[in-house]
Amino acid sequence: MDSHEKRDRKRLAEHRLDAQRRRLGVLRNRVVAVTIATFVLLWCVIFVQLATGNDPVLGQTSAAAKRGAEATRAREVEGVATDAEPEATEAEAEATEPEAEAEAEALEAEALAEAEARAQAEAEAIELEAVTTGQS
């Protein structure tokens, strides 16, 4: 091999390495761009979901919220008006539809049943306490 062939081969190897580096740089840029686009897309989906009120965390009613709603219904059945919902006038009561009345009666019956069940459970707990402590 003469010196010209060596130089030509070195230049060819350098060109190949430069081409490989360029391809690697282009590949890295594409990967970074796709990663950023995916990240932004996912955040946009989450943002839109929360902005429209479809929060999956808030969608599930907690046990405490259910108990609070049941307590409110029980108080309403017992005749205690809440501050958030003032008592209805007679004209408004007469203007309700039969379906609403049936629903109200069903809620009232359910609340009464729950109140009776709680009262019975409390009575049983008192009796059990008296038996376990030796008091009658």
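None of the figures in this text is laboratory data; all of them are computed from the coordinates on show. In this text, all values refer to a predicted model and were calculated from it rather than measured experimentally. With ideal geometry, Cβ positions are generated from the backbone for all residues, glycine too; neighbour counts draw on all protein chains shown.
Overview of results
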| item | result |
| --- | --- |
| Integer Hz, Karplus 6.51/-1.76/1.60 couplings in order for the stretch 9-25, x for Gly and Pro | 5, 5, 4, 4, 5, 5, 4, 5, 5, 4, 5, 5, 4, 5, 4, 5, x |
| Summed side-chain charge close to R23 - residues other than R23 whose Cβ falls under 11 Å, Lys, Arg +1, Asp, Glu -1 | +4 |
| Inter-label distance for V45 and E110, nm, one decimal - labels placed 7 Å from Cα along Cα-to-Cβ | 3.5 nm |
